[in-house]
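**Q** This is the structure, below, for whatever I ask next.
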Amino acid sequence: MNQGGVATTNGGSGSGSVGVQIHQSRRLPDFLQSVNLKYVKLGYHYLISNLLTLCFIPLIAVISIEASQMNLDDLRQLWVHLQYNLASIIICSAILVFGLTVYIMTRPRPVYLVDYSCYRAPDHLKAPYGRFMEHSKLTGDFDESSLEFQRKILERSGLGEETYVPKAMHNIPPTPSMAAAREEAEEVMFGALDILFHNTNVKPKDIGILVVNCSLFNPTPSLSAMIVNKYKLRGNIRSFNLGGMGCSAGVIAVDLAKDMLQVHRNTYAVVVSTENITQNWYFGNKKSMLIPNCLFRVGGSAVLLSNKSKDRRRAKYKLIHVVRTHRGADDKAFRCVYQEQDDAGKTGVSLSKDLMAIAGGALKTNITTLGPLVLPISEQLLFFTTLVVKKLFNAGIKPYIPDFKLAFDHFCIHAGGRAVIDELEKNLQLLPIHVEASRMTLHRFGNTSSSSIWYELAYIEAKGRMRKRNRVWQIAFGSGFKCNSAVWEALRNVKSSSYGPWEDCIDRYPVKITT
């Protein structure tokens, strides 16, 4: 990834001070030692953020003084002046009323996240390292080099011993089939939806919009049709099925649901995000295609969105922004996550060695668009000033990296792998607690593709960290290549919903992940 940094100043004494007598009483104090620079920056942030208010204070004071000095004659003259300009007042009032009416009628409708749920597979589908490697060996499809490669990937992946693989992969030999893939999809999607309908008390017939995303499994009838059939959804439902869009499709599905909720009034939208492993396990020996076997695991989520004003009182979050970046016009980006056949004709998903660099470029573009929407004016001024100085004077200074911790309270970084989380932590200058939800989700559930950001949000809630007006940044990467962001604001102190994925294990986390 493209890296940048903020230059820091060391306030310590220089090495040349040894043996030199200094009379402290005759010198100015070393402010770099006496003042913590982070508090200076914090003070600057508050000053700039409230600059408009500070500018209005003198104006308000002057108006208040002038108003206090007015007498009855002054008020009478003001009234006479207004009477002679009655036509102007009426015209201005009419324009004001018309403008307010147009604004109210055309402004975007708020989209509320009422609740969401995450599927948790039964314990008999757990795949600890030992069992995973034993089954890989017993299939007879992998040579010794491939087995050793998978073992090393598992050890460095950040996955724990409790992730899940589908039932067909537990059989010896594995039994991938269309029927088994349908069974996995039904268990995941219906499992998440059953919890969602139970927790929200929303009837399936009340759902007006349905968006389902699954990248690699697209049967006929579609996954969305399977849900319509299962829950007997109404005949005029607007249903969509997104395929082949990778791990960032969950944010794309939310964006599509948001756009539909702007058009269709007073309704609910359900977004189901999942991935299917059964028919997409790779049984060859090409190293770049073996990595998904070691990272991807069973998981899925269901999200209930609403544009009903009455739902604000019970909703958890309000959608603030969605920013999408697509780098598919570049050939390297387009092929960096690519489903293909190897030389032996076995199908799998190949990951390019340029993946991290391409993800870094997509991230840079995405946050360049997102930054002005969410960053305080203080950070935008610092970034702009540094950019101007660098361009005009060709100064050898590093670009200023905005402090996104001032814009967001929580970060849900797609748990695509340990390297992805490490790079974002470093490049965005985040603290360990900011990436804790991502690391723990990767450890407990593995890479659940587009649903991983919801397991991470559930982790934050289960820890009791989500407070009213907190802002959450969900960021995901996917094939194509895409980088997508969603920003949510908590409408209350959010607690974990019933049957959450962390319900019986949150007290064991965070865990120490070995390197």
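**Q** Got at least one residue in the stretch 314-330 being part of a helix (DSSP H, G or I) and open to solvent by 10 Å² or more (accessible area, probe 1.4 Å)? Can you show your working first?
**A** Residues of the stretch 314-330 part of a helix (DSSP H, G or I): none.
Checking the stretch 314-330: not a single residue is part of a helix (DSSP H, G or I) and open to solvent by 10 Å² or more (accessible area, probe 1.4 Å).
**Q** When you scan the stretch 236-246, how many residues do you find that are in a helix (DSSP H, G or I) and modelled with pLDDT of 95 or more?
**A** Of all residues in the stretch 236-246, those in a helix (DSSP H, G or I) come to 246.
Subsequent filtering for residues that are modelled with pLDDT of 95 or more retains none.
Matching residues across the stretch 236-246 total 0.
**Q** Which pairs do you get when a residue that is open to solvent by 90 Å² or more (accessible area, probe 1.4 Å), found in the stretch 84-112, comes within reach of a residue that is at pLDDT 75 or above and not acidic (Asp, Glu), reach meaning Cβ atoms under 8 angstrom, with the pair 6+ apart or on two chains?
**A** PRO108/GLN262
Results for (1) in contact with a helix residue (DSSP H, G or I) (Cβ under 9 Å, 6 or more places away or on another chain); (2) open to solvent by 60 Å² or more (accessible area, probe 1.4 Å), shown as yes or no for each residue.
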residue: ALA333; (1), (2): yes, no
residue: GLY360; (1), (2): yes, no
residue: ASN366; (1), (2): no, no
residue: THR385; (1), (2): no, yes
residue: PHE393; (1), (2): no, yes
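**Q** Follow-up question, since we're still on this one. Residue under question is ILE195, and the condition is that it be in contact (Cβ under 8 Å) with a residue 40 or more places away in the chain, surrounded by 21 or more Cβ atoms within 10 Å (Cβ to Cβ) and in contact with a helix residue (DSSP H, G or I) (Cβ under 9 Å, 6 or more places away or on another chain); does it hold?
**A** On the way: in contact (Cβ under 8 Å) with a residue 40 or more places away in the chain: yes; surrounded by 21 or more Cβ atoms within 10 Å (Cβ to Cβ): yes; in contact with a helix residue (DSSP H, G or I) (Cβ under 9 Å, 6 or more places away or on another chain): no.
Judged against the criteria, ILE195 is not a match.
**Q** Please verify whether VAL251 is part of a helix (DSSP H, G or I) and among the β-branched types (Val, Ile, Thr), treating the condition exactly as stated.
**A** Working: part of a helix (DSSP H, G or I): yes; among the β-branched types (Val, Ile, Thr): yes.
The answer is yes for VAL251.
**Q** A follow-up question, please. Of all residues being over 21 Å from the mean Cα position of the chain (by Cα), assigned to a loop (DSSP other than H, G, I, E, B) and not hydrophobic (A, V, I, L, M, F, W, C) in the stretch 498-508, which is nearest to GLU456 (Cα to Cα)? Just the residue, please.
**A** GLU503
**Q** Continuing with the same structure: If the Cβ limit is 7 Å and pairs must be 6+ apart or interchain, which residue in the stretch 294-306 that is farther than 22 Å from PHE283 by Cβ and part of a loop (DSSP other than H, G, I, E, B) pairs with which residue that is modelled with pLDDT under 95 and aromatic (Phe, Trp, Tyr)?
**A** Taking only residues 6 or more apart or on different chains, not a single pair turns up.
**Q** Could you look through the stretch 249-270, keep only residues that are out of contact with any Ser or Thr (no Cβ under 7 Å at 6 or more places or on another chain) and of a type in the set (Gly, Ala, Ser), and pick out the one that is nearest to VAL114 (Cα to Cα)?
**A** Of everything passing the filter in the stretch 249-270, ALA269 is nearest to VAL114 (Cα to Cα).
**Q** For the stretch 254-262, check the following and say yes or no: at least one residue is among the aliphatic types (A, V, I, L, M), in contact (Cβ under 8 Å) with a residue 24 or more places away in the chain and within 24 Å of HIS170 (Cα to Cα). Reasoning before the result, please.
**A** Step one: of the stretch 254-262, the residues among the aliphatic types (A, V, I, L, M) are 254, 256-257, 260-261.
Pick out the ones that are also in contact (Cβ under 8 Å) with a residue 24 or more places away in the chain and you get 254, 256-257, 260-261.
Restricting the remaining residues to those that are within 24 Å of HIS170 (Cα to Cα) gives none.
No - not one qualifying residue is present in the stretch 254-262.
**Q** Something else now. Can you tell me which of (1) open to solvent by less than 60 Å² (accessible area, probe 1.4 Å); (2) more than 19 Å from ARG156 (Cα to Cα) is the one MET356 doesn't meet?
**A** (2) is the only condition that MET356 fails.
**Q** Oh, and also: So if I check each of LEU216, LEU233, LEU256, LEU261, which one is closer than 30 Å to ARG109 by Cβ and either assigned to a loop (DSSP other than H, G, I, E, B) or hydroxyl-bearing (Ser, Thr, Tyr) (or both)? I'd like the intermediate steps shown before the answer.
**A** Working: LEU216 fails: closer than 30 Å to ARG109 by Cβ; LEU256 fails: either assigned to a loop (DSSP other than H, G, I, E, B) or hydroxyl-bearing (Ser, Thr, Tyr) (or both); LEU261 fails: either assigned to a loop (DSSP other than H, G, I, E, B) or hydroxyl-bearing (Ser, Thr, Tyr) (or both).
Result: LEU233 is the single residue among LEU216, LEU233, LEU256, LEU261 that is closer than 30 Å to ARG109 by Cβ and either assigned to a loop (DSSP other than H, G, I, E, B) or hydroxyl-bearing (Ser, Thr, Tyr) (or both).
**Q** Moving on. For the condition farther than 30 Å from GLN150 by Cβ, surrounded by fewer than 18 Cβ atoms within 10 Å (Cβ to Cβ) and either under 20 Å from the mean Cα position of the chain (by Cα) or small (Gly, Ala, Ser) (or both), what is the one hit in ALA225, ALA269, ALA253, ALA257?
**A** ALA225
**Q** Here is a follow-up. So for the stretch 383-391 (the condition being under 30 Å from THR278 (Cα atoms) and within 25 Å of the chain's Cα centre (by Cα)), does at least one residue qualify? Before the answer, list the steps.
**A** Step one: of the stretch 383-391, the residues under 30 Å from THR278 (Cα atoms) are none.
So far as the stretch 383-391 goes, no, none of its residues is under 30 Å from THR278 (Cα atoms) and within 25 Å of the chain's Cα centre (by Cα).
**Q** From the residues in the stretch 481-497 that are assigned to a loop (DSSP other than H, G, I, E, B) and either among the hydrophobic types (A, V, I, L, M, F, W, C) or free of Cβ contacts under 8 Å to residues at least 60 places away in the same chain (or both), which one is most open to solvent (accessible area, probe 1.4 Å)? Please lay out each step first, then the result.
**A** Of the stretch 481-497, the ones assigned to a loop (DSSP other than H, G, I, E, B) are 481, 491-497.
Among the residues that remain, those that are also either among the hydrophobic types (A, V, I, L, M, F, W, C) or free of Cβ contacts under 8 Å to residues at least 60 places away in the same chain (or both) are: 481, 491, 493-496.
On the way: PHE481: 7, LEU491: 29, ASN493: 75, VAL494: 5, LYS495: 157, SER496: 60 Å².
Here the answer is LYS495.
**Q** Something else now. ILE367 - would you say it is farther than 30 Å from GLY284 by Cα and at pLDDT below 85? Let's see the steps before the verdict.
**A** On the way: farther than 30 Å from GLY284 by Cα: yes; at pLDDT below 85: no.
No.
**Q** I'm trying to understand the selection: among the residues of the stretch 264-293, which are assigned to a loop (DSSP other than H, G, I, E, B) and within 17 Å of LEU193 (Cα to Cα)?
**A** Step one: filter the stretch 264-293 for residues assigned to a loop (DSSP other than H, G, I, E, B), giving 264-267, 275-277, 281-286.
Result: GLU275, ASN276.
**Q** Related question: For the stretch 456-480, which positions are assigned to a strand (DSSP E or B) and either free of Cβ contacts under 8 Å to residues at least 60 places away in the same chain or surrounded by 22 or more Cβ atoms within 10 Å (Cβ to Cβ) (or both)? Even if it seems obvious, please write down each step before you answer.
**A** Of the residues in the stretch 456-480, the ones assigned to a strand (DSSP E or B) are 471-478.
Matches in the stretch 456-480: VAL472, TRP473, GLN474, ILE475, ALA476, PHE477, GLY478.
**Q** Kindly list, by first and then second residue, each pair from a residue in the stretch 207-231 that is farther than 20 Å from VAL298 by Cβ and without any contact (Cβ under 8 Å) to a residue 24 or more places away in the chain to a residue that is in a loop (DSSP other than H, G, I, E, B) and open to solvent by 10 Å² or more (accessible area, probe 1.4 Å), limited to pairs with Cβ atoms under 7 Å and residues at least 6 apart or on different chains.
**A** VAL228/ILE237
The values are calculated or read from the model by the stated rules, or taken from the named source; none is laboratory data. Keep in mind the model is a prediction, meaning the values are calculated, not measured. Reconstructed Cβ throughout: ideal geometry from the backbone, glycine too, with neighbour counts over all protein chains shown. For accessibility, only protein heavy atoms count, side chains too; no ligands or nucleic acids. Shrake-Rupley method; radii C 1.70, N 1.55, O 1.52, S 1.80 Å.
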